[in-house]
Each structure stands twice: as C-alpha cells, then as structure tokens.
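Engineer: I am attaching a structure below and will ask some questions about it afterwards.
The values are calculated or read from the model by the stated rules, or taken from the named source; none is laboratory data. From a predicted model like this one, the values you see are computed outputs, not experimental measurements. With ideal geometry, Cβ positions are generated from the backbone for all residues, glycine too; neighbour counts draw on all protein chains shown.
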Amino acid sequence: TKKSVSVLGLGRMGSALANALVGEGYEVLVWNRSADKATPVGAKRVGTPEEAFAAEVVVACLTNYDVLRPLLGNEIRTLVNLTSGTPQEARETARWAREHGVEYVDGVIMAVPQQIGTPGARVLFDGSENHHVLGAFGEPVYVGAEAGLAATYDLALLGVMWSVFGGYLQATALMEAAGVSPERFTPLVGDWLAEVGAMLPEMGQEVRRNDYETDVSAVDINVAGLRMLTEASREQGLDTALPQALHGLFLRAQQAGHGQHSVASVIEVIRK
Ligand code: NDP
C-alpha cells in the first residue's frame, strides 16, 4: 500500500497537488483554513493541521512562509514544503526541521496547476535526496543538499521569465502605438527569443572565464540602443522605467571601462 500523505493548503496549487496524489493511489488527507475550498474527490478532509500530521508525509503549499510557520508542528515526520519563499526563509525552515527531528525537503514548482501530474511539470528540490511524493506532481529534479538552493533556482528562473515578460510588454506597447497589433508582432518575438536564447551558453562561458573580448557586439553600442529605446518609448508617451533601468545598468558597465567589452561584462556591475 502507498504512503499516507497530507496536503496543507487547498489553493490553486494545493488542490492540484492533492488531486495528483489521489490519482497516484496515495491515501490523502487535506487541510485548508477556509471551508469554501472543495475537498478533492478521494481525499479526506481534516479540521486542524495537527490531524494532518498523522500522515507519513506532509506537503505544504501555502501563500508564503508567514502563513506556513505558525501551522508547523514537531509531530510532522517528513515535511515536503512547496511554498514559495526566499532562500533565507527556506534555510530557517530547514533549521527548524533539523532542531525538531523533522525530515525536510524544500521544493519549488516550475509549472502552473494545470500541468501538475504531467512530465512537463518540473519540481526542483533540495535537502533530503529522497524525493518522496514529488514524482506524483511531475519530474523531480534534485539540485543539492544545501537548504535554500531550490528557492534560489526558483527566483533566478522566474527572474528570467519576468524580464522577458516585461520586455515583451514594453515592446508590444511600442508596436501598438505604431499601429501594429500583438497578433502581428508576437510571432516575430518567438523567433527572436529562440535566437537570443541560443546566445546564452556562450555568454555563460564568458562570465565563467571573466573573458569579455568580443567581435559580436560591444557594451557601447548597446548603451546607445537602450537610450534610443527609452527615447522611442518617451516619444509615444509610454512608461520608460524598464528601458531606463537597463540603460542605467549598461551605462555603469560602460563607465567602469567595459565599453568595448561584450554584453557579458555587465555582470561585473551586478556582482559589485
Ligand atoms: P492560492 O492563493 O490559490 O492559495 C493560497 C493558500 O494559502 C490557500 O490554501 C489559503 O487558504 C492559504 N492561506 C493563505 N493565508 C492563510 C492563512 N493566514 N492561514 C492559513 N492558510 C492560509 O495560491 P496558490 O495555490 O496559487 O499558491 C500556493 C503556493 O504555491 C505559493 O507559494 C505559490 O508561489 C506557489 N506556486 C504557485 C504556482 C501557481 O501557478 N499557482 C506555481 C508555482 C508555485 P484559504 O483558502 O483559507 O484562503
């Protein structure tokens, strides 16, 4: 027979997790603060977090660590925490678990609820190398023993995503102001992103070697381009916060003597 597993939190993600566990044949207990959330079919609702601690594994998926912390108890045997937070919050919870004899796995879900239970749903995790029930949610990827590592991957990858989303929306507003619809513009962005993505391994190598020689594109030319993008946005009456921030960052690399270096040299300013 399969393990008993509890899920704390029946929000969008917690419900998806509970459903996947039921689908995999686990005996599932669920707890949620409010009564209005539906109990996933096949799961058993409990009235307090403490009742949920009876299960062999407790999966927590709550809004944030401020919500999580007061709910935890040292009767938990294994805690699989899928609540998003900072690396420091993950480390503190790992320390709490160690001090209370609770086995701890910290995971981050790189997927939306609708993808849970499909192979495309990656769950990066650290702490105990035993991934316990994570296989029910998607593809578990162990990133290392050190607490906070999965949270760092999460924020790093989301940072790339937010930069792309922000850049896309700025660009789309600019095109819209020029009378070009998102439908017409977006396919070009897809191709462009693939090309840009293909440049990253080389950039990563330059970063690792601190070697910024280039015959492709120097910081100087990019500072000029970012000034033009900022001006073009301003001319259309658009917000300029995003292009200005990038211009400012690249400008500081230029001022630090990287004008003729590759774009990878901007990391020197970020590293401080
Ligand atoms: P929801 O807002 O849908 O659910 C939040 C959950 O937290 C609910 O169960 C809610 O209970 C509970 N909660 C909030 N405040 C309290 C409180 N004070 N005491 C007790 N319980 C509380 O969020 P999601 O399910 O979308 O997200 C949950 C976690 O999963 C977050 O950390 C999020 O970053 C992460 N995540 C979400 C993804 C997504 O696409 N949704 C993707 C990857 C990670 P109640 O019903 O009582 O309000």
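Engineer: Output the qualifying pairs, or none if there are none: Cβ atoms under 7 angstrom, residues six or more apart or on different chains, first residue in the range 82-97 and in contact (Cβ under 8 Å) with a residue 12 or more places away in the chain, second residue away from the ligand (no atom under 14 Å from the Cβ) and in a loop (DSSP other than H, G, I, E, B).
Structural biologist: P87/G148; Q88/G148; A90/A147; A90/G148; R91/A147; R91/G148; A94/A147
Listed here are the residues, each with its yes/no results for (1) surrounded by 19 or more Cβ atoms within 10 Å (Cβ to Cβ); (2) modelled with pLDDT of 95 or more; (3) more than 16 Å from the chain's Cα centre (by Cα); (4) not aromatic (F, W, Y).
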| position | (1), (2), (3), (4) |
| --- | --- |
| V112 | no, yes, no, yes |
| G120 | no, no, no, yes |
| F125 | yes, yes, no, no |
| N130 | no, no, yes, yes |
| A136 | yes, yes, yes, yes |
| V141 | no, yes, no, yes |
| A145 | no, no, yes, yes |
| A150 | yes, yes, no, yes |
| A156 | no, yes, no, yes |
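Engineer: I'm trying to understand the selection: among the residues of the range 142-173, which are farther than 30 Å from C61 by Cβ and either assigned by TED's automatic domain parsing to the domain that holds A241 or in contact with a helix residue (DSSP H, G or I) (Cβ under 6 Å, 6 or more places away or on another chain) (or both)?
Structural biologist: Q170, T172
Engineer: Among the residues of the range 61-77, write down those that are near the ligand (Cβ under 9 Å from one of its atoms) and not charged (D, E, K, R).
Structural biologist: Hits for the range 61-77 are C61, L62, T63, N64, Y65, V67, L68, P70, L71.
Engineer: Go over the candidates A20, A35 one by one and state the one that is of a type in the set (A, V, I, L, M) and more than 11 Å from the ligand (Cβ to nearest atom).
Structural biologist: A20
Engineer: Return the only residue of G85, G42, G101 being part of a loop (DSSP other than H, G, I, E, B) and within 19 Å of F125 (Cα to Cα).
Structural biologist: That would be G85, the only listed residue that is part of a loop (DSSP other than H, G, I, E, B) and within 19 Å of F125 (Cα to Cα).
Engineer: Tell me the residue from V28, V80 that is in a strand (DSSP E or B) and either within 14 Å of the ligand (Cβ to nearest atom) or surrounded by fewer than 20 Cβ atoms within 10 Å (Cβ to Cβ) (or both), please.
Structural biologist: Result: V80 is the single residue among V28, V80 that is in a strand (DSSP E or B) and either within 14 Å of the ligand (Cβ to nearest atom) or surrounded by fewer than 20 Cβ atoms within 10 Å (Cβ to Cβ) (or both).
Engineer: Additional query: Please return the ranges of helices (runs of 4 or more DSSP H) entirely within the range 163-258 where 1 or more residues are surrounded by 13 or more Cβ atoms within 10 Å (Cβ to Cβ) and within 23 Å of the chain's Cα centre (by Cα).
Structural biologist: 182-209, 241-253
Engineer: Does the range 98-121 hold any residues that are within 15 Å of the ligand (Cβ to nearest atom) and without any contact (Cβ under 8 Å) to a residue 24 or more places away in the chain, and which are they?
Structural biologist: V112, Q115, T118, G120, A121, listed by residue number.
Engineer: Taking the condition of being within 16 Å of the ligand (Cβ to nearest atom) and free of Cβ contacts under 8 Å to residues at least 40 places away in the same chain, how many residues in the range 38-57 meet it?
Structural biologist: Matching residues across the range 38-57 total 9.
Engineer: Among the residues of the range 1-12 satisfying the criterion of being buried (at least 22 other Cβ atoms within 10 Å of the Cβ) and near the ligand (Cβ under 9 Å from one of its atoms), which is farthest from T78 (Cα to Cα)?
Structural biologist: For the range 1-12, the residue satisfying everything is L10.
Engineer: Something else: As an exercise: evaluate G138 against (1) at positive phi; (2) near the ligand (Cβ under 10 Å from one of its atoms) and give the number of the one condition it does not meet.
Structural biologist: Checking G138 against (1) at positive phi; (2) near the ligand (Cβ under 10 Å from one of its atoms), the one that fails is (2).
Engineer: Of the conditions (1) in a helix (DSSP H, G or I); (2) closer than 22 Å to G11 by Cβ; (3) within 16 Å of the ligand (Cβ to nearest atom), L124 clears all except one; give me its number.
Structural biologist: (1)
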